[in-house]
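What follows is a single structure, written as structure tokens, with notes after it.
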Amino acid sequence: METRNPRRWWILIVLCLSSLVLVVDSMALTVAVPSMTKDIGASAQDTQWILDSYILVFAGLLLASGSLGDRFGRRKVMTIGLLLFGAASLAASFCTNPGEVIAARIAMGVGGALIMPSTLSILITVFDEEERGKAMAVWGSVSMLGLVGSPVLGGGLIAHYSWHSIFFINVPVVALAVLAGLTLMPESKGPWQKPDPLGAVLSAAGMTSLVWWIIDLPQYGAFGGHSAITLAVAAVSLIGFVVWENVTPAPMAPLALFKHRNFSGGSLSLTLVQIGNGGLLLVLTQYLQFVLGYSPVKAGVAFVPLAVAALVGNGLGAKLTAKIGNRYLVLAGMLVMASSFALLTTVSADSGFTVPAVALGPLGLGAGLAMPAAVGALMGTIPAEQAGVGSALNDTIQQAGTALGIAILGSLLSSGFAGRMPADAPEQAKHSIAGALTLAHGDTALIHTARQAFTASMSTTFAISAIGVLAAALLATLVMRDTKPQPAPAPVGEPVLVI
């Protein structure tokens, strides 16, 4: 009889550390951008590339790296990714110009792409179906804490040291994760398959081009500038990838997973949620800092209700999954999230933090209930031998959803803001609320108008978010099916960890 790995909860800590470093770096960097770009003399275009170069490489290589983990060993690939991410972070902390920072971010994107699929694939191979929900809840809770705590950490580091510390803080976390992984984590891999270099190239070219096109939407539109060429490359590459994976005898990606209702329903509903969530922190952070005048640290602390409620939701969801099944848990969580977004549409320039504080609690609770349940349902359909590339397939779809959400909501926010600013306002003041407040120089009328325009535009983005999450709830309910795990007795003498 197959027994549970006695080190599985220690292994989960390693996996949480590995994914935490990615979340912390991404969110803390957003706080560091103003001081970093000023220090290294970065232009607006340089800043855009510093932020986007990482996600372009990350999204483009996810599928290929998941396949590498299945073939050559998931622990090995994750360890290589951690070492590369740590080395690139250390290099970034010594950068003195935009080109060096962009190069370091590209290397970090490669490392991140090697880490992410391996963490989730190791989790589903180490934990059986009965405990997987609890493990997913812990994993999701740690990610949520990192997401909310990163701006606070970033603001504190910048206040006491400099923007270089944002990158340097990754190094000890990576070192601890590598050491613990090599000591505690067993190697796992799928059965050997022939490499699929054409599939890897097509997936990387297609996803990179697609995310690039999405990122350029606010600036160039769907077909302006080079967008038409980027979209054409994405379409040709991704269509070619799907065709090739269906005819090659050794496909890199198990596209047959989409025939499973839980995988297709879970993946697509999570993608819609990511589109809805895409601009949440970005938009609310600007509201807190530019409309309410919060410091970066105080703005980060303001998201604590979201983190606490998500932790409660994760714990509650882990207990309810076996009783009511994933599908109805996903539905309930997403309906709560949608109602929270609807409440956020009522925020005005004069409402302060009361309404966001009330909305963030249910939003975190809903996300804590829905997200781990959806991920657990779809990951339960993936065979152990394809755990790496299967989780990468899900990660890739969600990354595209996140990028699309940021692009769509960001475009709606900026265009709505510009449309609501007076025609005689300075041109730079129409581009963003940050630009308007910079040019105001004590002009209370311009400051008031900019804040009113921003909050009105923000309401529109949250309305779109609510619609996206409602669509996700409907899709999950119609497509997903419940497969309740049967409790299995724990091996005699095994210690029980209560979470």
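Cβ crowding within 10 Å ranks MET421, MET78, MET480 as MET421, MET480, MET78, fewest other Cβ atoms first.
Less than 5 angstrom separates the built amide H of GLY325 from none of the residues sequence-distant by 5 or more or on a different chain. Per-residue Cβ neighbour counts within 10 Å put TYR220, TYR287 in the sequence TYR220, TYR287, beginning with the fewest. Between the Cα long axis of helix 304-324 and the first principal axis of the chain there is an angle of about 30°, rounded to the nearest 10.
Sorted ascending by nearby beta carbons within 10 Å, beginning with the fewest, TRP212, TRP244 become TRP244, TRP212.
From the square roots a ≥ b ≥ c of the eigenvalues of the alpha-carbon gyration tensor of the stretch 55-171, which class results: rounded (a/c under 1.5), prolate (a/b over b/c), or oblate? Oblate.
Please give the helix 170-184 orientation as an angle from the longest Cα principal axis of the chain, in degrees from 0 to 90, rounded to the nearest 10. With both axes taken from Cα atoms, the answer is about 10 degrees. Pairs of lysines in the chain whose Cα atoms sit within less than 19 Å of one another amount to 7, provided the residues are eight or more positions apart or on different chains.
Shown in residue order for the stretch 13-19 are the 3J(HN,Hα) couplings computed by the Karplus curve 6.51 cos²θ - 1.76 cosθ + 1.60 at θ = phi - 60°: 4, 4, 5, 5, 4, 5, 7 Hz (x for Gly and Pro). Scoring 64-77, 450-463, 11-24, 92-105 by mean Cβ neighbours within 10 Å over their residues and listing the highest first yields 64-77, 11-24, 450-463, 92-105.
How high is the relative contact order of the stretch 255-483, in percent, counting Cα pairs under 8 Å that sit 6 or more residues apart?
39
The Cα center of the stretch 74-108 and the Cα center of the stretch 242-275 differ in position by 30 Å.
Express in whole angstrom the spacing between the alpha-carbon centres of the stretch 301-354 and the stretch 42-68. Value for the Cα centre distance between the two parts: 30 Å.
Which order do peptides 335-344, 158-167 fall in by mean Cβ count within 10 Å, highest first?
The densest-packed peptide leads the list: 335-344, 158-167.
Could you grab the relative contact order for the chain? Cα pairs under 8 Å, six or more apart, rounded to a whole percent.
Details: 847 pairs, mean separation 111.1, N = 499.
That works out to 22 percent.
Candidates SER67, ALA450, HIS260 compared by Cα position along the dipole of the chain: farthest toward the positive end lies HIS260, with charges placed on Cβ. Highest-first packing order for the peptide set 107-116, 123-132 is 107-116, 123-132, based on the mean count of other beta carbon atoms within 10 Å.
Output the 0 to 90 degree angle, nearest 10, between the alpha-carbon long axis of helix 444-479 and the longest principal axis computed from the alpha carbons of the chain. Helix 444-479 and the main axis of the chain meet at about 20 degrees. Centre-to-centre separation between the Cα atoms of the stretch 151-199 and those of the stretch 408-467: 37 Å. Summing Cβ point charges (Lys, Arg +1; Asp, Glu -1) relative to the Cα centre of the chain gives a dipole of roughly 860 debye. The relative contact order of the stretch 197-251 comes to 46 percent, based on Cα pairs under 8 Å that sit 6 or more residues apart.
Values quoted throughout were computed directly from the atomic coordinates according to the rules given, and no laboratory measurement underlies them. What you see is a predicted model; the values in this text were computed from it and never measured. Virtual Cβ from ideal backbone geometry, glycine too; neighbours counted across all protein chains shown.
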